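Visitor: Below: one structure in structure tokens.
The values are calculated or read from the model by the stated rules, or taken from the named source; none is laboratory data. From a predicted model like this one, the values you see are computed outputs, not experimental measurements. Glycine also receives a Cβ, built like all others from the backbone with ideal geometry; neighbour counts cover every protein chain displayed. Note: areas computed on protein heavy atoms with side chains; ligands, DNA, RNA excluded. Shrake-Rupley method; radii C 1.70, N 1.55, O 1.52, S 1.80 Å.
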Amino acid sequence: MMGKNYLVILLLFIGAPLFAQQDSILIRKLYSETLQQDVMDINLKYLTSKIGARIAGSVQAKQTVEWAAGILAQFHPDSLYLQPVMVPHWVRGEQEFAGMISKGISASLDVCALGGSVGTNGTLTAQVVEVRSWNELSALDDSKVKGKIVFFNRAMDAREPETFNAYLSAVDQRSLGAIAASKKGAVGAMIRSLTLAKDDYPHTGALSYEEAVRKIPVAALSTNSADNLSKALKADPFLQVSLEMNCVQLPDELSYNVIAELKGHKYPQEIVSVGAHLDSWDLGEGASDDGTGIVQAMEVLRLFTKIGITPERTLRIILYMNEEAGAHGGKQYASQVREANEVHVAAIESDAGGFIPRGFRIEASPAVIAKVRGWSQLLVPYHAGDIRLQQRGVDLVPMKGIAKALLSLDCDDSRLFYIHHSALDTYDQVNPREVQLGAGAMAAMAFLFCKYGL
């Protein structure tokens, strides 16, 4: 009996114009090459085991820049260069400590500082006020918050089928909680980790401060610790929490985006970019976020040169620095694109965890979206033909209004937030086959943009 995938490929040929048949054959070559090679797996193992976590400004981030440039050079680009960018340098310091004291009984809490947080300058001990919404916090008189630690305990909504949407509906308390709590007179804040898992692993992530608002220390609580604290507060509303964080913000550091190109032989001035971000948070190995994206972006270059694709438009691989704490690399890149008045047909990014790919998310005009959806039929045999709206690449946001199409690789996100920004983001959580399939989809989409433009 004929397999479903082969039937779909056959139907693409029947009655299809010659160019569609040729495209289908070329895309099959791209997938065949990446699916039978372990180049990405070897690279990801090295990145995670030899370099590991690579927070912006760190020695490991510098090593990652050098390593990535060396790997890209092996794939014989027409040009390879480093683009300078200044990045923040935040250091976590000695491991954080937190505990609650209720009626003379103490219990530890699993915490980690949020990225960019100020330290506690010793041990901070205060009563706690729990809130589950902005309305709850706003309704509290300032006198009920002053001198206390605000505990933001709004969980990700497990009823949401698409986990990323559950994350988006809860992430505002992590990014804005410090500002809102400080305005009320709080001396600190704690955030329920943004994960659906019930475990003892806190998840970090970037916070925001406002210059005119006093900066207060902010920690993430593991979900188990958040539940325990909430339960304890119901029994003893006057309990206290002690928090010790040794993080510090150092002066900005010079770092780099890593860029490699294959020049277009027909329209070299038109650029199709494929990228990912080099940095990671410091708790795990940065395997899923965004080690998988790094090796996928580099694989696109390898596939083009290995198969012998001479693109009609310029293919540019961009590995951005510091997506996690301000997207400084993405902003710097977009700024220089504007200054050079470059023409960007499309910008593609992989930063969805490296799990099984479903297709792409796109931000473009209706006409461009329709065109890309037409091309996506060529990816249906590989289960990557789904084109949804609202791209999610943080490094692509500065390119809005410059590139005609912004696309982020869209992956199944069921497992992403179980490991996201935590000590669980390690190599063993990644499936090499899924990473290969994602690279195949990215290479295919890049090929189509390079060939046909917009």
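Visitor: Out of the residues in region 69-88 meeting the condition of being part of a strand (DSSP E or B) and open to solvent by 30 Å² or more (accessible area, probe 1.4 Å), tell me which one is nearest to Arg54 (Cα to Cα).
Guide: My answer is Met86.
Visitor: Could I ask something else about it? Quick check on Val394: is it under 22 Å from Gln22 (Cα atoms) and either touching a Ser or Thr at 6+ places or on another chain (Cβ under 9 Å) or among the β-branched types (Val, Ile, Thr) (or both)?
Guide: Judged against the criteria, Val394 is not a match.
Visitor: Oh, and also: Mind checking which residues of region 101-111 are outside any strand (DSSP E or B), of a type outside the set (Asp, Glu) and open to solvent by less than 80 Å² (accessible area, probe 1.4 Å)?
Guide: Gly104
Visitor: Quick one: count up the residues across region 273-314 that are among the charged types (D, E, K, R), surrounded by fewer than 24 Cβ atoms within 10 Å (Cβ to Cβ) and in contact with a strand residue (DSSP E or B) (Cβ under 7 Å, 6 or more places away or on another chain).
Guide: 1
Visitor: Of everything in region 315-359, what is surrounded by 24 or more Cβ atoms within 10 Å (Cβ to Cβ) and more than 18 Å from Asn257 (Cα to Cα)? Give them in sequence order.
Guide: Matches in region 315-359: Ala346, Ala352, Gly353, Gly354, Pro357.
Visitor: Is there any pair linking a residue in region 131-159 that is in contact (Cβ under 8 Å) with a residue 40 or more places away in the chain to one that is among the aromatic types (Phe, Trp, Tyr) and outside any loop (DSSP other than H, G, I, E, B), with Cβ under 8 Å and at least six apart or on different chains, and which?
Guide: Once the first residue is in contact (Cβ under 8 Å) with a residue 40 or more places away in the chain and sits in region 131-159, its partners that are among the aromatic types (Phe, Trp, Tyr) and outside any loop (DSSP other than H, G, I, E, B) give Met156/Tyr167; Met156/Phe417.
Visitor: Let me ask something else about it. Can you name the strands (runs of 3 or more DSSP E) wholly within region 185-303 that have at least 1 residues being modelled with pLDDT of 95 or more and polar (S, T, N, Q)?
Guide: Fully inside region 185-303 and qualifying: 240-244, 248-262, 267-277.
Visitor: Filter region 369-425 for residues that are closer than 20 Å to Pro161 by Cα and either open to solvent by 40 Å² or more (accessible area, probe 1.4 Å) or basic (Lys, Arg) (or both) and give the result.
Guide: Residues satisfying the conditions are His383, Asp386, Arg388, Leu389, Gln390, Arg392, Asp412, Ser414, Arg415, Tyr418.
Visitor: Next question. Return the residues of region 130-181 that are surrounded by fewer than 17 Cβ atoms within 10 Å (Cβ to Cβ), in a helix (DSSP H, G or I) and in contact with a helix residue (DSSP H, G or I) (Cβ under 9 Å, 6 or more places away or on another chain); say none if nothing qualifies.
Guide: Answer for region 130-181, where residues must be surrounded by fewer than 17 Cβ atoms within 10 Å (Cβ to Cβ), in a helix (DSSP H, G or I) and in contact with a helix residue (DSSP H, G or I) (Cβ under 9 Å, 6 or more places away or on another chain): Trp134, Ser138, Asp142, Asp172, Leu176.
Visitor: To continue, here is another question. Taking Arg373 as the residue in question, decide whether it is among the charged types (D, E, K, R), touching a Gly at 6+ places or on another chain (Cβ under 9 Å), modelled with pLDDT of 95 or more and over 17 Å from Ala297 (Cα atoms).
Guide: Considered against the rule, which asks whether it is among the charged types (D, E, K, R), touching a Gly at 6+ places or on another chain (Cβ under 9 Å), modelled with pLDDT of 95 or more and over 17 Å from Ala297 (Cα atoms), Arg373 comes out as yes.
Visitor: Considering only residues that are part of a loop (DSSP other than H, G, I, E, B) and without any contact (Cβ under 8 Å) to a residue 60 or more places away in the chain, look in region 397-429 and name the one that is nearest to Ile55 (Cα to Cα).
Guide: Ranking the candidates gives Asp412 first.
Visitor: Taking the conditions exactly as written (at pLDDT 95 or above, open to solvent by 80 Å² or more (accessible area, probe 1.4 Å), aliphatic (A, V, I, L, M) and more than 21 Å from Val295 (Cβ to Cβ)), does Ala98 satisfy them or not?
Guide: no
Visitor: What is the number of the single condition among (1) in contact with a Ser or Thr (Cβ under 7 Å, 6 or more places away or on another chain); (2) outside any loop (DSSP other than H, G, I, E, B) that Ala352 does not meet?
Guide: All conditions pass for Ala352, except number (2).
Visitor: Could you identify the single residue in Lys62, Lys50 that is open to solvent by 80 Å² or more (accessible area, probe 1.4 Å), in contact (Cβ under 8 Å) with a residue 24 or more places away in the chain and assigned to a helix (DSSP H, G or I)?
Guide: Lys62
Visitor: If only one of Val295, Val272 is touching a Phe, Trp or Tyr at 6+ places or on another chain (Cβ under 7 Å) and aliphatic (A, V, I, L, M), which one is it?
Guide: Going through Val295, Val272 in turn, the sole match is Val272.
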